[in-house]
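*Asks:* I am attaching a structure below and will ask some questions about it afterwards.
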Amino acid sequence: MWFDLDCPVCGAPPCGPGPHLGDDGLCPACVARCRPAPEVPPLRLADGGRLPVVALLEYDDASRPIVLALKNGNARRLARRLGRSVALLTDARDVDLVTWAPTTPARRRARGYDHAEVLARRVGAALDRPVRATLRRRGDRAQQGRHRADRQAGPVFSPLALDLAGTRVLVVDDVVTTGATLAAAASVLRRAGAVPAAAVVARATDGTSGSLKAGA
Ligand SMILES: [Zn+2]
């Protein structure tokens, strides 16, 4: 139905018959405004390891509504294109398994889905790699809205009982800001024997240092 294809970001309707907006409905104007993310330095982990991170977009006025629509709006539609695009940043030959850093159980219940999981499933499909939950999030505290110092401590994850020894795991998320979430997830995966890397839709600076910092 044509009205399902309005751009989920700006609301632009399709301009007639035909696939003008693509199967995700994102309009060309919204795509054209986005800027590619610069190269992201690896995150330093508390255990001394480093986590390579690739990002698709710079988090700004153009990409913010796309990320928010993925998070709070019709995620599945947008996740298709974003997942494919994020997958292009990664060589499938370097990935054995795709996973995600789970959102809080309260947010998952409120939204009806975990946007990071929806995205990870699309990335995995594009890379033709298995997608599996590997982490459990303990507690209901979200990163968003917490004080910066608090955020840098990172959410607490525990590993699901999986044999990940030597498995190259790609952790997918929507945005990396301080890197605390990804660093916390990566540290747990490393303790479980995995070799993690990360891929995200957008890279945001934390507004103070202008660069990413792993706090956990
Ligand atoms: Zn649009």
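*Asks:* Filter segment 83-97 down to the residues that are farther than 21 Å from LEU26 by Cβ, in a helix (DSSP H, G or I) and not aliphatic (A, V, I, L, M) and list them by number.
*Replies:* Listed by number, the residues that qualify are ARG93, ASP94.
*Asks:* Across segment 27-57, which residue is surrounded by the most Cβ atoms within 10 Å (Cβ to Cβ) among those that are under 18 Å from ARG84 (Cβ atoms) and away from the ligand (no atom under 16 Å from the Cβ)? I'd like the intermediate steps shown before the answer.
*Replies:* As a first pass, look at segment 27-57 and keep what is under 18 Å from ARG84 (Cβ atoms): 27-28, 30-32, 34, 36-37, 54-57.
Filter again for away from the ligand (no atom under 16 Å from the Cβ), leaving 36-37, 54-56.
Working: PRO36: 11, ALA37: 21, VAL54: 18, ALA55: 24, LEU56: 19.
Filtering first and then ranking leaves ALA55.
*Asks:* Filter segment 164-193 for residues that are over 13 Å from ALA204 (Cα atoms) and part of a strand (DSSP E or B); which is nearest to the chain's Cα centre (by Cα)?
*Replies:* VAL172
*Asks:* Continuing with the same structure: Among the candidates PRO13, PRO65, which residue alone is at pLDDT below 95, in the same structural domain as ARG190 (by TED's automatic domain parsing), surrounded by fewer than 20 Cβ atoms within 10 Å (Cβ to Cβ) and within 11 Å of the ligand (Cβ to nearest atom)? So that I can check it myself, show each step before the final result.
*Replies:* Numbers: PRO13 fails: in the same structural domain as ARG190 (by TED's automatic domain parsing).
Step by step, each of PRO13, PRO65 is checked, and only PRO65 is at pLDDT below 95, in the same structural domain as ARG190 (by TED's automatic domain parsing), surrounded by fewer than 20 Cβ atoms within 10 Å (Cβ to Cβ) and within 11 Å of the ligand (Cβ to nearest atom).
Results for (1) in a helix (DSSP H, G or I); (2) farther than 30 Å from ALA192 by Cβ, shown as yes or no for each residue.
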| site | (1), (2) |
| --- | --- |
| LEU68 | yes, yes |
| ARG76 | yes, no |
| ARG81 | yes, yes |
| THR99 | no, no |
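*Asks:* Does segment 135-146 include one or more residues that are modelled with pLDDT of 90 or more and among the small types (Gly, Ala, Ser)? Give the steps one after another, and end with the answer.
*Replies:* Going residue by residue through segment 135-146, those that are modelled with pLDDT of 90 or more are 135-137.
Filter again for among the small types (Gly, Ala, Ser), leaving none.
No, because not a single residue in segment 135-146 is modelled with pLDDT of 90 or more and among the small types (Gly, Ala, Ser).
*Asks:* Here's another thing I want to ask about it. Being crowded, with 19+ Cβ neighbours inside 10 Å, modelled with pLDDT of 75 or more and not basic (Lys, Arg) is the filter here, so list the residues in segment 68-82 that pass it.
*Replies:* ALA69, LEU70, LEU78, ALA79, LEU82
The values are calculated or read from the model by the stated rules, or taken from the named source; none is laboratory data. Note that the structure is a prediction, hence the values are computed from the model and not measured. A quick note on method: Cβ atoms are made from the backbone with ideal geometry, for glycine too, and the neighbour counts reach across all protein chains shown.
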